[in-house]
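Participant: This is the structure I want to talk about, given as structure tokens.
The values are calculated or read from the model by the stated rules, or taken from the named source; none is laboratory data. Everything numeric in this text was worked out from a predicted model, so none of it was measured. Using ideal geometry, Cβ is built from the backbone for each residue, glycine included, and neighbour counts are taken over all protein chains shown. In case anyone asks, the SASA skips ligands and DNA or RNA and just uses the protein heavy atoms, side chains included. Shrake-Rupley method; radii C 1.70, N 1.55, O 1.52, S 1.80 Å.
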Amino acid sequence: MNDPFASLSTGSVNFGYIKEDARKELMKLLDKHDGCKILVWDGVLIERFSLIAEYSLFKEHNAKSMHYLQKSSSSHFIPTSTSDPPAHLIFITRPILSVMDKIAECVRKEERVIKNKGIECHLYFVPWKSFLCIQKLEELGVYGSFNTVDEYRLDIMALDSDILSMEYNSAFADLNLDDDNSPLFHAARALITIQRHYGVIPTIYGKGRHSKKTCSLLQKMMVDEEEQADDDHSQIDRLLILDRSTDLLTPMLTQLTYEGLIDEAFGINNTTVLLPPEKFSNQSKSDEIPTEKKKVLLTSRDPLYSRVRDCNFNAVGFRLKTETAVLNSKMEERHNMQDLKLMRQFVSKIPQINQVKASLATHLNIAELIKEYTGTEDFFENLSIEQELTNGINTDRVNQHIEGYIFQKKPLTQVLRLLCLQSMCNNGLKTKVYEYYKREIIQTYGYKHLATLHRLETVGLLSSPSAGVQGWNYNTLRKSLRLIVDEVNEKEPSDISYVYSGYAPLSIRLAQILSHPGWRSIEEVLKILPGPTINDLKQTKTRKKWPQRSSTTVSTDSSSTSLVTLVFFIGGVTYAELAALRFLSSRNDGNEYVMATTSIINGTTMLDNLMLLNE
Amino acid sequence: MTETLGWIQLGKRYIRKCTLYEPMCWNAGIDLSKHIVSISRYGGLIALGNRESNNGRNLTIHIYNAAGKEISSFKWNSGPFLGMGWTNSDDLLCIQEDGKILLYDIFGQFIRIIRMGKECEDHRVLEYEIFLSSAGTGVVVMNGLYRFMVVNNVDEPKVRTLSQVPGLKSTPPSSWCALPGPRGCRVLAANDDEIYLLDQGDLCTRQYPTGLSSEPASYICMSVSLDRKHVALYTNEATVWIGSADFKEKYCELRTNEGGCPKQMLWCCNCVVSFGSASDRPTDDKALVIYWQKKILVIGPGKDWVRYDVEEDYSNTSIHGAAVLCADVDGIHIITGNRHEYLQHVPKTVEDIYFPGSVEPGSVLYDASKEYERQSEKADEYLRILLDKNELERAVEQCTIASTFEFVSRSQKQLLRAASFGKTFRPELELTDLFVNACQYLRVLNALHDFNVGIALTAAQLQHLKMDCLIDRLVVRRQFRLAFYICKFLKMAEDRGSSRILSHWACYKVQQSNVPDEKIAYDIRNKLKNARGVSYASVAEKAVEKGRKDLAIKLLEFESRASEQVRLLSKLGKHTLAVEKAVESGDSDLAYEAITRLRERSSLSDFLVAIRQHPIAYKLHLKYCREQNQRMLKDLHEQEDNFIELANCHVRDSYGPIRREERNVALHSALDSFNKARNEFAAKMTDEQLQLVKDQIDLEQETGGNYIDSSLHDTLLMLLSSNYNQKAEKMRKQFKVSDKRWWWVKLTALADQRNFSELEAFSRSKKSPIGYMPFLESCVRNNAPKEAEKYVSKVAKDQQVAALVKTGNMRAAADMAIQIKNLCDLELVHKKCGPEHRDVQERVGNFLQQLR
């Protein structure tokens, strides 16, 4: 891999810098400890770090071996037999209290070897050092064993060329369930980091109470920031902070883009998806069916994927067919080639063609898997319920299908997604209807879910009959924001509603209207939506945007003059929403979007995070 | 030429005596001979103590700036006073006869005490010398046993004893002086005619001055230059021997014809690299200065000499002609009752320009500039000479550099004007930089020379001292305003310059004990609000040091770095405020730290009262408890009357591998809490759960299965699957299970058992509340399509095609769809046809086209 940021440098704002920085910091950290090292990882992080550095890089910096941190594993990390012991044992962990127990156990187990061989122990917290964790380590009596206890600051990381993520999965639950505002503090810090790289963003917009808080934290931090930030060269013109709790509706719906469906069906983590191996078996030479799951990297580095990821799934088959045809015609060229020069050109293109071919094969398989997933009656029925509800049909009574799902004990998250949807589309459920649902859920899934339901009420996903979400009026929103669009062209979309086949995500509508015609046109709607509005807050003196941005930007006229908006989602964003923003960027109407989020979510992962009892 | 007035030739070089201040600000009647005087290097602070006071009683020490303006004075109220001297950071060392050394700042504030040890205490200190070296400021003392003790750095006082002077009888050494070196200070001491170099431990080597013309009976005075390169010996026969410090080289020997021991003997050297150093190497200027009561003798290394009379011009008879001399790095301060003069070698550059008949480019340019002012055509002529020789650049450089050596602004201006004139023809950037730099230096130097400030620095000294260090000194002298403007003028970075000064100013301000807290806090805020990077925490820390806690807390209000603010507040015991500030910062980790401190320092009840006042901190604490301390969590909810959350805790408690009673207690507590919360629905659910658990326990005893922790639905399913139909029926009634659920559970259980006959019987038992599609589907799911087909006819008419499709009977489905001509159904069939039903698909496809 020559250029590790190749995939990150296609957008108008190059998020590669963020990755480069993270990489440099990591290497600095490794080089700080001279000699051979053994790394012990908090399992979640090891996957996450694959976004920053590949395994070989660790090797280059003298990391002898890498291990997962496991509780009560009998084996030792430090080989007792070798004559050449490592100089350092480095633990890398998230600041999570429960992980501290595991670390303490490990340290105690290795204590003897560490002492005998004079090995130094180090502990690094990612993304920040936690007082509570250190306290815990002290309580466990192992704090003194570490030569260094420090942090590897990782405010935000680049998932792709246009999307940054804090990978803060518990952000929504922390904020709305526990009233723990830590995610906002770290989001503000992430914004500081972003501004250090791309300049101080001149204006801020936002919606929702968490947006407001983030904004004020950011302003506070900016006071302490040194003047070095070069506001002349801000590459981002506008910041839009969207609080997930402003739009809880969208994630409850099933995403219908290609990438969104892959996430719904199989779950994408750190841009990677694990797929059932059977489909891919015929690719391997042996006849045996591989047992290990097939790992596929899903980023814009694969040009084919970047073309299909945001398509409505109904258009994916067609797209892949077109791609196949293009490839075939390219392959056909060779038959009627007489000129040697042409042939040489063709030969030079072969590796590229092979790459496309491989990618095409992979995605044809994935598409088939997704087709199986969407082809079930269940999926179809689920979708019709969603559409019925978002259209405001029969939202005020017990829905027979949902009821049936409960009686059949379908996965609870599936039921809850629909139930929350119904509640929001009806501006809260009538007491009788609500209690009926609750009773049936408890009878099917158990009494403990009384607490689960309470949690969903707390975060505003379900509104208890008496309360209702203040001011929220779905019908008004639906009409004035044109959330439901009847005529959707899934192949050649003309509106963002294609990502949910007829429903335009509320959050993205807000972003779209902000760009054109401006939020002034929806003042009444903004009042209905929960939380305060941040309107045109100036961070720096406004400067007229000159058509010529910088001489180094080589791009078409339209994009060089376009207004770049960074949309920061507090509490998570779905792939379908990202697709909708990319769709808006692709229209070349003078508005471009780059995205940042606390994490990427879908309805199921969001609810899973709220249901602690499932632990 | 007036500029060379007062220059006196000394060998190949010239020396000059420049008047820095005249008259002095102090009382004109002062008699320096009656005082112990000490003058500081780099700036010329003057400390005076009355020599005639009795053993330090009634002694007052006055501190003046270089212009004789009093900075402070303080009454000596310690032990017997011996003498004093300045450190390199402008602090005053006062030495007592008992070997104690007291350190004061220039405002007479006592700083600390240094002890020279028991031996000095017992045997009195007789003589001392204070020296500066790379290690800092050091002191050598000689006690009553004629032994030398050294402290190399007063900041880390370690007393070392030097070797004794060999062969010493009952008389003290006839003379001695300190010789600081890289490995600590040594002492040169003479026992009459023998000179020894005394080192640490017992090391001691005799020194033999080279080429001595006659052996003297005794050396009565000696002196080492500041750069430790040269040494001078004065014999009882009034002869001076000067040479290198290792005695190996003799510069010259001279008979002075003076009676008596000199009052002072010191070296006038140039041991710093001067301004614009690139072209000017430090010249090896050296001369010995000897001072007797009435005259000063300057001796050059080539045996040339010059004599000055002290106060030769005084007309006021009340002024006593006493002077005090002090060697600085590039000259000698000479202070008398009404003057502060500086004796130095004329810097080479200055000499080159002013010396009559000089053909140095600088001199030519200087002349050209003067002619130009006179509007004489000679200006052009001179300039051409320089241009032809390509020497203009060098000329500008010389004039610029020379200007910085001048003390009088008229001369400075003259030279700068010449430089500027020349510069118009050579617009090189380096020259401009040099020029600008020189102007800046002069501006600063002239400001320092003002008698109110009274810092007598030469350009070379300032260059050597560095601007940062100068700022520090100004801060120490509380010249905040001047320091601030110098920083602004020189555009120094804020953290190094103006902000730093403001912080110091604020630290000084908080020490003004007579000003009320509010006023100080207001003043500080007012001055500092536009300064970047000022640490209010460090100012507050100073306030704490001075015992002003309240002021510190007020100041901390302005601190923007929450971590500093919280840390100090915690230290001050303001834990509640620390929590508040930590929470405001948004940094939860900091908040947890503050909460923990609060918890550690207060009783549980106080803690709970305090934390409840900060909702966000309270929520954070709840979160922590949820993970780490369930007991505390419940207490908190109970205290807050948050019964719903309390109930939820109990709900959670009622699960898991716990004993029967515990489960019951948990559920009853939950019930109680829900009742208190007036949540009827949840209370009812809890009631039912209690009943369910009770029934499940019974069931476990009766059947031996595992029922606990299962939902009602699962319990029913398990019972039906195990054919405990009676028990299931009983539970159905007891829990008022809805018909729909009952049908679902029962059909699922039967189909999963593949008990299709019973399933069919059940379907016929009465009209199904859930329709018949579920029956059909459950058969399909259990791979019994034949069984499934039985239900096709029972399914609602509009779903029959779909039902047929589900059973896999595509042909029948197609037939029916075609028959009823329903578009949706036709499409469904068309879509669901697999490869084995290609023909059906074609038929339906054709029909669909016809229909459209």
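Participant: In whole Å, what is the distance between the alpha-carbon centres of region B:374-398 and region A:236-252?
Facilitator: One Cα centre to the other: 74 Å.
Participant: Separation of region B:455-513 and region A:177-213 by C-alpha centroid, Å?
Facilitator: 39 Å
Participant: With a ≥ b ≥ c the root eigenvalues of the C-alpha gyration tensor of region B:66-143, is it rounded (a/c under 1.5), prolate (a/b larger than b/c) or oblate? Can you show the working numbers first?
Facilitator: Working: a/c = 2.08, a/b = 1.39, b/c = 1.49.
Cα axes put region B:66-143 in the oblate bin.
Participant: So how strong a dipole does the protein assembly as shown carry about its Cα centre when Lys and Arg Cβ are +1 and Asp and Glu Cβ are -1, to the nearest 20 debye?
Facilitator: The calculation lands at about 2240 debye.
Participant: When the label point is put 7 Å from the Cα of A:K117 along its Cα-to-beta-carbon vector, which residues of region A:126-168 have a backbone N closer than 15 Å?
Facilitator: Under cut-off, by backbone N: nothing.
Participant: What is the distance, in nm, between label points placed 7 Å from the Cα along the Cα-to-Cβ direction at B:D227 and at B:V665?
Facilitator: 8.9 nm
Participant: Express the relative contact order of chain B as a whole percentage, based on alpha carbon pairs under 8 Å and six or more residues apart in sequence.
Facilitator: Relative contact order of chain B: 6 percent.
Participant: Can you compute the helix-only [θ] at 222 nm over chain B? Use -39500 (n - 2.57) per DSSP H run of at least 4 residues, normalise by all residues, nearest 500 deg cm²/dmol.
Facilitator: Computed ellipticity for chain B at 222 nm equals -13500 deg cm²/dmol.
Participant: Something else: Which far-off residues, 5 or more places away or on another chain, put their amide H under 5 Å from the one on B:F131, with H placed in the peptide plane?
Facilitator: Long-range HN contacts for B:F131: B:G138, B:V139, B:V140.
Participant: Just tell me how shielded A:406-412 is by partners: mean number of partner chain Cβ atoms within 10 Å of each residue's Cβ, no decimals.
Facilitator: Working: counts 4, 11, 7, 7, 0, 0, 0.
Averaged over the peptide's residues, the number is 4.
Participant: Among B:A788, B:Y707, B:L717, pick out the residue whose Cα is farthest towards the positive end of the charge dipole of region B:687-789, where Lys and Arg carry +1 and Asp and Glu carry -1 on C-beta, about the Cα centre.
Facilitator: B:A788
Participant: Computed FRET efficiency, Cβ-Cβ of B:S72 and B:D523, R0 35 Å: what is it to the nearest 0.05? Don't jump to the answer; show the numbers that get you there.
Facilitator: Numbers: r = 23 Å, r/R0 = 0.67.
Given R0 = 35 Å and the Cβ-Cβ separation, E is 0.90.
Participant: Another one. With charges set only on the Cβ (+1 for Lys and Arg, -1 for Asp and Glu), what does the dipole of region B:451-555 come to about its Cα centre, in debye to the nearest 20?
Facilitator: 180 debye
Participant: Under the definition of partner shielding as Cβ atoms of other protein chains within 10 Å of a residue Cβ, what is the mean value for peptide B:684-696? Intermediate results must be reported in sequence, preceding the final value.
Facilitator: Working: counts 2, 9, 2, 0, 4, 5, 1, 0, 4, 1, 0, 0, 0.
So the per-residue partner count for this stretch is 2.
Participant: I've got another one for you. Write out the trypsin sites (Lys or Arg not before Pro) in region A:318-407 meeting two conditions: DSSP loop, and at most 13 other Cβ atoms within 10 Å of their Cβ. It would help to have the intermediate numbers written out before the result.
Facilitator: Working: sites: A:R319, A:K321, A:K330, A:R334, A:K341, A:R344, A:K349, A:K357, A:K371, A:R397; in loops: A:R397.
Those that pass, being in a loop and sparsely packed, are A:R397.
Participant: Name the residue farthest towards the positive end of the dipole of the protein assembly as shown from the options A:S497, B:M24, B:Q344, assuming +1 on Cβ of Lys and Arg, -1 on Cβ of Asp and Glu, about the Cα centre.
Facilitator: Positive-most Cα among the choices belongs to A:S497.
Participant: Taking amide H positions as placed 1.01 Å from N in the peptide plane, with prolines and chain starts having none, which residues 5 or more places from B:C252, or on another chain, fall under 5 Å of its amide H?
Facilitator: Excluding prolines and chain starts, which carry no amide H, the hits are B:I242.
Participant: Please list 3J(HN,Hα) in residue order for region B:121-128, calculated via the Karplus relation 6.51 cos²θ - 1.76 cosθ + 1.60 where θ = phi - 60°; whole Hz, with x for glycine and proline.
Facilitator: Computed from phi, the couplings for region B:121-128 are 5, 6, 10, 6, 8, 9, 9, 8 Hz.
Participant: Counting only other chains, and only Cβ atoms inside 10 Å, what mean value do you get across the residues of B:707-717?
Facilitator: 4
Participant: Rounded, prolate or oblate: which fits chain A when a ≥ b ≥ c are the square roots of the eigenvalues of the alpha-carbon gyration tensor, with rounded for a/c under 1.5 and prolate only if a/b beats b/c?
Facilitator: Cα axes put chain A in the rounded bin.
Participant: With the other protein chains left in place, how much accessible area per residue, in square angstrom, belongs to region B:727-852 at a 1.4 angstrom probe?
Facilitator: I get 54 Å² per residue for region B:727-852.
Participant: Once both labels are modelled 7 Å past Cα along the beta-carbon direction, what's the B:E119-A:I393 spacing in nm?
Facilitator: 10.8 nm
Participant: Can you list the residues, at least 5 places off or on another chain, whose amide H is less than 5 Å from the amide H of B:S73, using H built in the peptide plane?
Facilitator: Distant-sequence amide H within range of B:S73: B:I63.
Participant: Rounded if a/c is under 1.5, else prolate if a/b beats b/c, else oblate: with a ≥ b ≥ c from the C-alpha gyration tensor eigenvalues square-rooted, which is region B:531-624?
Facilitator: It comes out oblate by the Cα gyration axes.
Participant: Using the Kirkwood formula on the Cα atoms of chain B, what hydrodynamic radius do you get, in angstrom to one decimal?
Facilitator: One decimal place: 36.9 Å for the Kirkwood radius.
Participant: Where in region B:328-400 are there GluC sites (Glu not before Pro) that are in a DSSP coil and have at most 16 other Cβ atoms within 10 angstrom of their Cβ? Don't skip to the end; give the middle numbers.
Facilitator: Details: sites: B:E341, B:E351, B:E371, B:E373, B:E377, B:E381, B:E391, B:E393, B:E397; in loops: B:E377, B:E391.
Qualifying residues, ordered by number: B:E377.
Participant: Right, next: Set Lys and Arg Cβ to +1 and Asp and Glu Cβ to -1, take the dipole of region B:295-441 about its Cα centre, and tell me which of B:F407, B:S376, B:L392 lies farthest positive.
Facilitator: It is B:F407.
Participant: Report, in deg cm²/dmol and to the nearest 500, the calculated mean residue ellipticity at 222 nm for chain A, where each DSSP H run with n ≥ 4 adds -39500 (n - 2.57) and the sum is divided by the residue count.
Facilitator: For chain A, the value works out to -14000 deg cm²/dmol.
Participant: In Å² (nearest 100), what accessible area is buried between A and B, both sides summed, heavy protein atoms only, 1.4 Å probe?
Facilitator: So the total buried area for this chain pair works out to about 4300 Å².
Participant: Hey, another quick one. Taking the alpha-carbon centroid of each part, what is the distance from region A:571-615 to region B:627-677 in angstrom?
Facilitator: One Cα centre to the other: 36 Å.
Participant: Placing +1 at every Lys and Arg Cβ and -1 at every Asp and Glu Cβ, with all other atoms neutral, what dipole size does chain A have around its Cα centre, in debye to the nearest 20?
Facilitator: About 200 debye.
Participant: Follow-up. Using a 1.4 Å probe on the heavy atoms of the protein chains only, list every residue of region A:105-143 that has 30 Å² or more less accessible area in the complete assembly than in its chain alone.
Facilitator: With the partner chains in place, region A:105-143 has these residues losing at least 30 Å²: A:F131, A:L132, A:Q135.
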